[in-house]
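Enquirer: I have a structure here, written as C-alpha cells, and I will follow up with some questions on it.
Every read-out reported here was derived from the displayed coordinates using simple, explicitly stated rules and does not represent laboratory data. Nothing here was measured: the structure is a model prediction, and the numbers come from that model.
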Amino acid sequence: MELREFTIPFVGLKEGKHNFSFALENKFFEYFEYEDFHKTELEGKLTLHKKASFLELHFDVRGKVLLSCDVSTELFNHTVETNFDLIVKFGTSNDADPDEILMIPEGSYQINVAQHFYEMVVLSLPLKKVHPGIRNGTLKNDILSKLEQLAPQNKKSDTHKDPRWEKLKSLL
C-alpha cells in the first residue's frame, strides 16, 4: 500500500495553481508506524503551482491531535498549525540540494506527497508533550501529587553560602 490518494499526476495539469485536500487520520500515521496519536483530526491542503520547468508546492496542515502527556500520562488535545514550501525540479539529485528543493528524475509524471505531510506534522510537535493543565496548575492527579512529594526540598538558607563561590566572585 503506497497511500495512492497522496499521489498527484501533474503531467496532465495545466500551468497555474491547483488545490488538493487530504484527511490525515490515524490510518495515515499507522502506515508510517507512528503510534503516538490517540486520535487525529487533521486536514492537509496542498497548493501545486505548475510552471514550465518546475513545480511549487505549498503544504498546509490544520487541526488537532490527541496526545499523552509525558509527565502525567493524561490525554490532551494539541493544536497543529504548520506549513511548508517545496520546489520540485527535474533532473539528477545533488547532495548539496537544500531541504526545500526536491529533485525528481526527468520524465516523471507524478509525485507522492504523503511523506512530506507526515514529516511536517511530526516535526511540528513539541519534544516534550506537557498537558496544558500542568502549565497553568489546574490539573490534579495522583502522579502529579506523588511527583510533588518526591521533589527535592531546598533547605539551604542564604546564611550558609559556599566559600568557594565567594573566592570565584572576588576574581571578577
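Enquirer: List the residues whose amide H sits under 5 Å from the amide H of I101, counting only those 5 or more places along or on another chain, with H placed 1.01 Å from N in the peptide plane.
Expert: Residues meeting the criterion, in which the H sits 1.01 Å from N, are I87.
Enquirer: For the pairs K17/K64; K27/K89; K17/K39; K64/K129, flag any whose C-alpha to C-alpha distance is greater than 23 Å.
Expert: Violating the 23 Å Cα-Cα cut-off are K17/K64; K27/K89; K17/K39.
Enquirer: Ignoring everything except DSSP H segments at least 4 long, calculate the 222 nm mean residue ellipticity for the chain; use -39,500 (n - 2.57) per segment, divide by total residues, nearest 500.
Expert: When only DSSP H runs of four or more count, the value is -6000 deg cm²/dmol.
Enquirer: Then there's this: Evaluate the relative contact order of region 12-143 (contact order divided by residue number), counting alpha-carbon pairs under 8 angstrom at least 6 apart; express in whole percent.
Expert: Numbers: 228 pairs, mean separation 25.6, N = 132.
Normalised by residue count, the contact order of region 12-143 is 19 percent.
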